[in-house]
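In what follows, a structure is listed as structure tokens, so that the remarks can point back to it.
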Amino acid sequence: EYNRQRGAANIPIADTLAARFALQHEGHEGWLRAPNQMDGRSGTQDTWSARGSLLWQPVERFSITLWGEYFDLDANGPSVRNLLDPIGDVRATGNDSYLPQKTRSRIVAGTLKYDFDFATLKAISSYQSARANAPNSGDMLARADALAIYGVKDEEPIYVRSAKSYTEEINLAHSGGPVDWIIGGFFLRTDEYQHLYETQQTSAVPIPVTPILFPTLTGPH
């Protein structure tokens, strides 16, 4: 089952001020049956995204635009099956690794714009925070089948990535004449954290590994 809902609204607040909001939800059940997993399906996804913007233009030549974006994704692993999976149904997986995945993204940005007679000046600033917690199964098989085929059960119970980015751009651009030109500068800083941990267990009984949720990013890694 697949579903999607979308909505948007433009809101004039005053003669010089306007806002716009948009919201979207998208979700579907897993494309594969997974009898050995908690949800009974693999590849289930649920996504929410929203965006809001505010425009202030006190005079014709000058404007300020502020906007923000929100994105959340929750999933129950990928809809992938191992070609050696003994389950005969091609729309099913015997994978018994229940490893929910989460992705979070937040963005805020702003643009200052002034229109000179000969060119347009823009200053653009932004901040973005992104976090992904995506544990995975390397073999996509039930533990007993993985041990029989490969001799090990391969999993990535910890797969965490977190990043923060800052950008600043200033440019002066001219268009409409015999020569179009643009001059300016751009700055980018990104601090990133990654933590990956893979296990290859030979035990028929799972050896527990404590999963890691989103850590606090304190500096570049």
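The values are calculated or read from the model by the stated rules, or taken from the named source; none is laboratory data. From a predicted model like this one, the values you see are computed outputs, not experimental measurements. All Cβ positions, even for glycine, are placed from backbone atoms using ideal geometry, and neighbour counts span all protein chains on display. Remember, those area values only see protein heavy atoms, side chains included, never the ligands or the DNA or RNA. Shrake-Rupley method; radii C 1.70, N 1.55, O 1.52, S 1.80 Å.
Restricted to segment 148-161, and to residues there that are farther than 13 Å from P86 by Cβ and of a type in the set (A, V, I, L, M), the residue that is surrounded by the most Cβ atoms within 10 Å (Cβ to Cβ) is V160.
For segment 23-44, a residue qualifies if it is part of a strand (DSSP E or B) and crowded, with 19+ Cβ neighbours inside 10 Å, and the qualifying residues are L32, R41, S42.
For segment 90-125, a residue qualifies if it is open to solvent by less than 70 Å² (accessible area, probe 1.4 Å), over 21 Å from the mean Cα position of the chain (by Cα) and modelled with pLDDT under 90, and exactly one does: S97. For segment 37-48, check the following and say yes or no: at least one residue is under 25 Å from the mean Cα position of the chain (by Cα) and closer than 22 Å to V108 by Cα. Yes, some residue in segment 37-48 is under 25 Å from the mean Cα position of the chain (by Cα) and closer than 22 Å to V108 by Cα. The number of residues in segment 6-22 being in a strand (DSSP E or B) and open to solvent by less than 90 Å² (accessible area, probe 1.4 Å) comes to 9.
The number of residues in segment 65-89 that are over 25 Å from the mean Cα position of the chain (by Cα) and buried (at least 16 other Cβ atoms within 10 Å of the Cβ) comes to 3. Got at least one residue in segment 114-122 being touching a Phe, Trp or Tyr at 6+ places or on another chain (Cβ under 6 Å) and over 28 Å from K164 (Cα atoms)? Yes, that holds for at least one residue. Residue pairs whose Cβ atoms lie under 7 Å apart, sitting 6 or more positions apart in sequence or on different chains, and linking a residue in segment 118-140 that is more than 28 Å from Q194 (Cβ to Cβ) to a partner that is of a type in the set (S, T, Y) and open to solvent by 60 Å² or more (accessible area, probe 1.4 Å), are L121/Y114. Regarding segment 51-58, can at least one residue be identified that is touching a residue at least 12 places away in the same chain (Cβ under 8 Å) and under 30 Å from A144 (Cα atoms)? The answer is no; no qualifying residue exists. Note on segment 162-180: among residues that are within 23 Å of F71 (Cβ to Cβ), of a type outside the set (S, T, Y) and open to solvent by 40 Å² or more (accessible area, probe 1.4 Å), the one that is farthest from the chain's Cα centre (by Cα) is E169. Picking from residues in segment 181-202 that are exposed (fewer than 14 other Cβ atoms within 10 Å of the Cβ) and among the hydroxyl-bearing types (S, T, Y), the one that is farthest from the chain's Cα centre (by Cα) is T202. Identify all residues within segment 59-82 that are of a type outside the set (V, I, T), assigned to a strand (DSSP E or B) and in contact (Cβ under 8 Å) with a residue 40 or more places away in the chain; write none if there are none. Result: F62, S63, L66, W67, G68.
Across segment 126-141, the qualifying residues are those that are out of contact with any Phe, Trp or Tyr (no Cβ under 7 Å at 6 or more places or on another chain) and part of a strand (DSSP E or B), and the one among them that is least open to solvent (accessible area, probe 1.4 Å) is S137.
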